[in-house]
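The values are calculated or read from the model by the stated rules, or taken from the named source; none is laboratory data. Just so you know, these numbers come straight off a predicted model, no measurement behind them. Cβ placement follows ideal geometry from the backbone for every residue including glycine, while neighbour counts extend to all protein chains displayed.
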Amino acid sequence: MDHFLYRDGVLHAEDVAIPDIAAAVGTPFYVYSTATLTRHLRLFEEALAGLPHLVCFAMKSNGNVAVVKTLAELGAGIDVVSMGEYLKAKAAGVPGERIVFSGVGKTREEMRTALEGGIRQFNVESEPEMRALNEVALSLGLRAPVAIRVNPDVDAKTHEKIATGKKENKFGIPIGRASEVYAEAAALPGLDVVGIDVHIGSQLTDLQPFEAAYTKVADLTRQLRAEGHDIRRLDLGGGLGIPYERTNAAPPLPLDYGAVIRRTVGALGCEIEIEPGRLISGNAGLLVARVIYVKSAEERDFLILDAAMNDLVRPSMYGAHHEIVPVIEPAPGLEPHPYDIVGPVCETGDTFARQRPLPPCAEGDLVAFRSAGAYGAVMASEYNARPLVPEVLVHGHQFAVIRARPTYDEMINRDSIPAWL
Ligand code: LLP
């Protein structure tokens, strides 16, 4: 169910009218729906029902502490990839035993912090990292629970910048060397080898690559068990795609994805972990912006918005498509007009869409980017000295600012002047 619908001709987030939020916080802003976050988490819970499992929300997709807390209170685990994410998860009240630490370059400081603060498992990505973790754990008198990330050499058939499971990618150890690496890990006294980890990429819209990767993981589980390892957990990563364009065929549902998991690894008696980010948070958020000017050039009309590539970088970085809709529902029968939709940043790359048909727009109109809850606010920057946009969480008819827009003074005062100036 979509929780961003027109009611009486006005776009709402659950029961809150978007113009009311715009009046309270100014534009641009991100707004998230609690009901959507909840529903998406439940879809994964249902998909894995009956299997021992933990759904670990990948907080890289949306790291706001209030969003993380919303999901954690529903029982989610959290997948973190940095000290900052680990500390934010803790600040959201997530117990250590529900935090999984992924990432290709964990530092010793990060390892120490997580070991001291409590951690479910480290997903280790290389032999040097494994040796470093062993040393850090021993220095603390602890044993670090680890899964080793294997690279299954599977083509995820997604954008090259977000595919991670091919042998030329920087992630994991080659699956063909797993036997050797697990043998070394088992001999390190500071490590407790609990399982296998795999993640092949993001925004996958086909289940076949998952099936191929998980089948390899199942074979590896049997092989490693035969070699004496107690493989009891499988972390299957994230990556299930979402519909960014309503006109395209819908990607597979979590239930279908769950069926792939059952079919490939379900009979191994392992605890299953998954790390979905985008499917939980993506369609739970909008970026709302205002039209500053409508500029008519020789060949085309530009909608110049107060949001820009620094606020939502996906279109300029990946050529990603986001649906853009007017906040006030257009009158039926209104002929759409093609616009180039751009931000005010000083580069041509600051383009959200070219020749996108929209109902005729005027200065001051509000528009909303759909599917902006994942990899939106988290990838924002202050390029062009544009303060980070605020984030708002809606719950029924309530809304709250969950990250305030910094003032210009706050932004400026983060810089400091050296003594010689
Ligand atoms: N686990 C690991 C180890 C990951 O690297 C990722 C995403 C996830 C889980 C979550 O994947 P998801 O379920 O969200 O697809 N900035 C890009 C996406 C980068 C994804 C990186 N890794 C974008 O805007 O499309």
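Being farther than 25 Å from Phe4 by Cα and of a type in the set (A, V, I, L, M) narrows it down to one residue among Ala267, Ala284; which is it?
After applying the criteria, what remains is Ala267.
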Exercise. Is there a residue in segment 115-127 that is more than 21 Å from Glu271 (Cβ to Cβ) and outside any helix (DSSP H, G or I)?
Worked result: yes
For this session: Filter segment 136-176 down to residues that are in contact with a helix residue (DSSP H, G or I) (Cβ under 7 Å, 6 or more places away or on another chain) and of a type in the set (Asp, Glu) and give me whichever is modelled with the highest pLDDT.
Result: Asp153
Exercise. Out of segment 165-175, which residues are within 13 Å of the ligand (Cβ to nearest atom) and of a type in the set (A, V, I, L, M, F, W, C)?
Worked result: Phe171
For this session: Might you let me know whether segment 132-139 holds any residue that is out of contact with any Lys or Arg (no Cβ under 6 Å at 6 or more places or on another chain), within 16 Å of the ligand (Cβ to nearest atom) and in contact (Cβ under 8 Å) with a residue 24 or more places away in the chain?
Result: no
Exercise. What is the number of the single condition among (1) β-branched (Val, Ile, Thr); (2) within 16 Å of the ligand (Cβ to nearest atom); (3) farther than 30 Å from Ala320 by Cβ that Ile162 does not meet?
Worked result: (3)
Seminar exercise, completed: For segment 278-320, the count of residues that are closer than 16 Å to Ala377 by Cβ, within 11 Å of the ligand (Cβ to nearest atom) and surrounded by 24 or more Cβ atoms within 10 Å (Cβ to Cβ) equals 5
For this session: Using the structure shown, decide if His12 is away from the ligand (no atom under 16 Å from the Cβ), over 27 Å from Ile292 (Cβ atoms) and either outside any helix (DSSP H, G or I) or among the polar types (S, T, N, Q) (or both).
Result: no
Exercise. Which of the residues belonging to segment 348-364 are β-branched (Val, Ile, Thr) and either farther than 13 Å from Ile304 by Cα or more than 26 Å from the chain's Cα centre (by Cα) (or both)?
Worked result: Thr348
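From Ala385, Ala362, Ala377, Ala404, which residue is crowded, with 17+ Cβ neighbours inside 10 Å and at pLDDT 95 or above?
Answer to the check: Ala377.
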Seminar exercise, completed: Restricted to segment 195-215 and to residues being more than 13 Å from the ligand (Cβ to nearest atom) and crowded, with 20+ Cβ neighbours inside 10 Å, the residue nearest to Gly373 (Cα to Cα) is Tyr214
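Looking at segment 263-271, can you tell me whether even one residue there is within 24 Å of the chain's Cα centre (by Cα), modelled with pLDDT of 95 or more and buried (at least 20 other Cβ atoms within 10 Å of the Cβ)? Explain how you work it out, then say what you get.
The initial filter retains those residues of segment 263-271 that are within 24 Å of the chain's Cα centre (by Cα), namely 271.
Within this subset, residues satisfying the condition of being modelled with pLDDT of 95 or more are 271.
Now restrict to residues that are buried (at least 20 other Cβ atoms within 10 Å of the Cβ): none.
No: segment 263-271 contains no residue that is within 24 Å of the chain's Cα centre (by Cα), modelled with pLDDT of 95 or more and buried (at least 20 other Cβ atoms within 10 Å of the Cβ).
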